[in-house]
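Student: This is the structure, below, for whatever I ask next.
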Amino acid sequence: MDPNFDETNRWLTEEVLPHEAALKAYLRSHFPGIRDVDDIVQESYLKLLETKRHHDIVSPKAYLFTTARNAALSILRRPRIFSDEPITDLTAPNIVEADPDAAELASRRHEVTMLMNAIDTLPPRCREIFILRKLRGVPQKEIASRLGLSVQTVQVQVARGAAKCGAYFRDRGIARD
């Protein structure tokens with residue numbers, strides 16, 4: 001048993017768990033497309049405790065919220081592989097018509113991977129704004145309101161993100177000037 005178990009348990013109970021409701025509300029309001037908020041919260045607790053084992057955490061609340069935000073952004077960056085539509089709602093004609101061949105699937109997967117790699121190179125705030133606007137389709141006004149920024153700042157960050165992604169592709173010979 002960990003000799004610091006009681007202290008860690010006290011720290012978790014007093015310094016971290018009181019923020020759970022606020023954290024869930026934050027995740028639901030800032031990342032409405034994510035269904036498994038509880039999973040993100042639990043994952044964040046695990047990361048927080050793992051970090052606590054090796055380092056002092058000056059602001060548990062800030063660390064918890066940042067960890068949860070990063071986990072949510074990571075989920076949003078993942079390509080969607082499965083449809084939300086129940087299998088019983090799919091009809092045979094839709095499957096036959098929409099089914100790409102193996103080469104097209106491989107090409108799409110490669111393109112998605114390259115795009116995710118390009119997005120991963122963006123600075124954190126730029127990446128968050130770019131994902132919300134370009135991948136999630138959130139209006140600029142809503143992004144500005146959510147993040148406490150001006151619409152102009154959101155526009156600039158989206159443009160910078162697009163330019164940096166374009167440069168990423170050009171540097172790898174994927175896109176032309």
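The values are calculated or read from the model by the stated rules, or taken from the named source; none is laboratory data. All figures in this text were calculated on a predicted structure; none of them were measured in a lab. Quick reminder, even Gly has a Cβ in these numbers, built from the backbone with ideal geometry, and neighbours come from all protein chains shown.
Student: Give the residue, chosen from GLY137, GLY161, GLY173, that is out of contact with any Asp or Glu (no Cβ under 9 Å at 6 or more places or on another chain), within 23 Å of ILE75 (Cβ to Cβ) and not in a helix (DSSP H, G or I).
Tutor: Answer to the check: GLY137.
Student: Name every residue in the stretch 39-67 that is farther than 21 Å from ASN9 by Cβ, in contact with a helix residue (DSSP H, G or I) (Cβ under 8 Å, 6 or more places away or on another chain) and of a type outside the set (A, V, I, L, M), in order of residue number.
Tutor: If the condition is that a residue be farther than 21 Å from ASN9 by Cβ, in contact with a helix residue (DSSP H, G or I) (Cβ under 8 Å, 6 or more places away or on another chain) and of a type outside the set (A, V, I, L, M), then PHE65 is the only one that fits.
Student: Restricting to the stretch 140-158, name every residue that is closer than 23 Å to ILE75 by Cα and among the small types (Gly, Ala, Ser).
Tutor: ALA144, SER145, GLY148
Student: Pull up the stretch 142-171, narrow it to residues that are of a type in the set (Lys, Arg) and at pLDDT 85 or above, then point me to the one that is nearest to the chain's Cα centre (by Cα). Walk me through how you get there before you give the answer.
Tutor: Going through the stretch 142-171, the residues of a type in the set (Lys, Arg) turn out to be 146, 160, 164, 170.
Then keep just the ones that are at pLDDT 85 or above; that gives 146, 160, 164.
Working: ARG146: 15, ARG160: 19, LYS164: 19 Å.
This residue is ARG146.
Student: Going by the conditions given, is ARG127 assigned to a helix (DSSP H, G or I), basic (Lys, Arg) and modelled with pLDDT of 85 or more?
Tutor: Details: assigned to a helix (DSSP H, G or I): yes; basic (Lys, Arg): yes; modelled with pLDDT of 85 or more: yes.
Yes.
Student: Another question about this same structure. Which members of the stretch 5-42 meet the condition of being part of a helix (DSSP H, G or I) and among the β-branched types (Val, Ile, Thr)?
Tutor: Residues of the stretch 5-42 that are part of a helix (DSSP H, G or I), as a first pass: 5-30, 37-42.
If the condition is that a residue be part of a helix (DSSP H, G or I) and among the β-branched types (Val, Ile, Thr), then THR8, THR13, VAL16, VAL37, ILE40, VAL41 are the ones that fit.
Student: Report, ordered by the first and then the second residue, all pairs with beta carbons closer than 7 Å, sequence separation of six or more or different chains, a first member in the stretch 121-141 that is over 16 Å from LYS164 (Cα atoms), and a second member that is part of a loop (DSSP other than H, G, I, E, B).
Tutor: Listed by first residue and then by second, the contacts come to LEU132/VAL138; ARG136/GLY33.
Student: For the stretch 1-52, enumerate the residues that are of a type in the set (A, V, I, L, M, F, W, C) and touching a residue at least 40 places away in the same chain (Cβ under 8 Å). Working first, answer last.
Tutor: Going through the stretch 1-52, the residues of a type in the set (A, V, I, L, M, F, W, C) turn out to be 1, 5, 11-12, 16-17, 21-23, 25, 27, 31, 34, 37, 40-41, 46, 48-49.
Once the filter is applied, which keeps residues that are of a type in the set (A, V, I, L, M, F, W, C) and touching a residue at least 40 places away in the same chain (Cβ under 8 Å), the stretch 1-52 yields TRP11, VAL16, LEU23, LEU27, PHE31, ILE34, LEU49.
Student: Tell me yes or no: at least one residue of the stretch 24-34 is over 13 Å from ARG69 (Cα atoms) and of a type in the set (D, E, K, R).
Tutor: So far as the stretch 24-34 goes, no, none of its residues is over 13 Å from ARG69 (Cα atoms) and of a type in the set (D, E, K, R).
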